[in-house]
Amino acid sequence: MRAHARWRRRRPLRTRLALAGSAAVALVAIGVCLAAFTIVRYELRHQLDLHLVQQATMLQQQERSHPPGVVYGECGYLAAPACTQIVPAATRLDPAEPYLLPVTAETRQVAAGQRPAYYTDIQISGHPARMYTARFGGTQAVQVALRSDAVDRGVRQAGELMAAVAGAGVLLAGVLGYVLARTGLAPVARLTATAERIAATRDAGLRIELPPGRHEDEVTRLARSFNTMLGELEQSVTAQRRLVADASHELRTPLTALRTNAELLARTDRLTPAQRDRAAAGLNRQLREVTSMVNDLIELARDEEPQLLLERVRPAALVEHCVAAARDHWPAVAFDLAVAPDTVGLTLPGVPARLVRLFSNVLDNAAKFSPAGGTVEVTLTGSPLQLTVRDHGPGIAPEDLPHVFDRFYRASAARALPGSGLGLAMARQIAQAHGAALTAESAPGGGALFRLRFAHGVTSEAAAP
Ligand SMILES: Nc1ncnc2c1ncn2[C@@H]1O[C@H](COP(=O)(O)OP(=O)(O)OP(=O)(O)O)[C@@H](O)[C@H]1O
Ligand SMILES: [Mg+2]
């Protein structure tokens, strides 16, 4: 068993398939030849035996009785009729001339009717022959014999022929098995080679060549899904690279400013207290900015939530909590919250901390872009569950609309305000992880409108576990 396992590990699949296929075909070839040989041998022998019985029966029908002794003795030639002799049951009745065919105790028993007829293989003047002994008349036996070398030769020739055919079959099976395994497994070999190349070069841009035409078998399907997987891998690798490149690029500016301020502060002796305070405040602000940016990046980089953190959340309560926090944070902006009564009891599977981030990012933007004393209207409606946040700020220009969810994207009008352009990218990612769609549009009458639509998983509290 262990040796077999080791063998399986060491031999490539192609060799194993070739060997298994060849062995099966070879076994069938040998089996068929053996069966054919057995049938041919049986038929040839049976013909000879039938002939002997015929001769004996003919004599029995022609003559009721016959004196003991040789009836016909010339069967030394191949084409001659059968040698025939009559043997009595009692030895005292034996003729004076010697018998031609061997007479034994069994022959006497057949003559006496104590034994059924039988066949024997004998030699007649140096040639192989077959003899049939049967009862004749009351107390005699008839013995008929024929040279059997023609039959024996036929059997031998048939055997040789079948052996040759079986040998050729085995050879052919080997060749066929090898060729079939080779051509049949060629796509698998290509797949393996590509996978190995990818593992060695870490180049997810490689693809497996698919055979032309619409020929669909398991291997093609496997190759196709392998290619799809590679495409996704490539995309995710590219996205990661872009995120890292974007992040390092975006971090450079605040870090440079931070260093300048730090260097400035290092020369405290030459600064007036006012300058020192300004530099310290700047340093503080920049540190906060960088910290929040790094936090956002970490948030963005971890994509899917592990299922373990999921719990049933009540969106109405979460929105109320976020609006209350925003009111604290932006005292100059009025938040107008309208929660439809049918949404109060609804729950959905989600990660509360992440949903809070999503809501507060959108609320934060609305407040940030609102004019002083402006109003932000927040509504939560049911079936399907939908949250809208609308402000009365400058709104989003049509050319910016497709990009506001991109990482680090900030419309030129927004560059004067603090921010890194990560907020909405993160918000959309969280929305997608919760099976929701976050979209931006221009509100009729000015301002921006953000809409968050939950597609599935929303249940009323009574149904929730
Ligand atoms: N309510 C809004 N009104 C007008 N423009 C908006 C509004 N919300 C977002 N935008 C535009 O979309 C851009 C991207 O928003 P996002 O929240 O991603 O970044 P940010 O607010 O500039 O920075 P951060 O949220 O990372 O601090 C903003 O810079 C702004 O140009
Ligand atoms: Mg923002």
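The values are calculated or read from the model by the stated rules, or taken from the named source; none is laboratory data. This one's a predicted model, so the numbers in the text were calculated from it and none came from an experiment. Glycine gets a Cβ as well: all are built from the backbone with ideal geometry, and neighbour counts include every protein chain shown.
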- Which members of region 447-458 meet the condition of being near ligand 1 (Cβ under 9 Å from one of its atoms) and assigned to a loop (DSSP other than H, G, I, E, B)? Gly447
- Considering region 407-446, residues that are of a type in the set (D, E, K, R) and not in a helix (DSSP H, G or I), and then whichever is farthest from ligand 2 (Cβ to nearest atom), we arrive at Glu441
- Query: Hey, any hits in region 25-46 for a residue that's surrounded by 14 or more Cβ atoms within 10 Å (Cβ to Cβ) and in contact with a strand residue (DSSP E or B) (Cβ under 9 Å, 6 or more places away or on another chain)?
  - Reply: yes
- Message: Can you say whether Ala168 is surrounded by fewer than 16 Cβ atoms within 10 Å (Cβ to Cβ) and under 33 Å from the mean Cα position of the chain (by Cα), as far as the supplied structure shows?
- Response: no
- Item | Of all residues making up region 356-399, the number that are surrounded by fewer than 17 Cβ atoms within 10 Å (Cβ to Cβ) and within 16 Å of ligand 2 (Cβ to nearest atom) | 2
- Could you give every pair whose Cβ atoms fall below 7 Å, whose first residue belongs to region 406-426 and is in the same structural domain as Ser292 (by TED's automatic domain parsing) and free of Cβ contacts under 8 Å to residues at least 24 places away in the same chain, and whose second residue is more than 12 Å from ligand 2 (Cβ to nearest atom) and outside any loop (DSSP other than H, G, I, E, B), counting only separations of at least 6 or pairs across chains? none
- The helices (runs of 4 or more DSSP H) lying wholly within region 1-114 that contain at least 1 residues that are at pLDDT 85 or above and closer than 30 Å to Val175 by Cα are 13-62
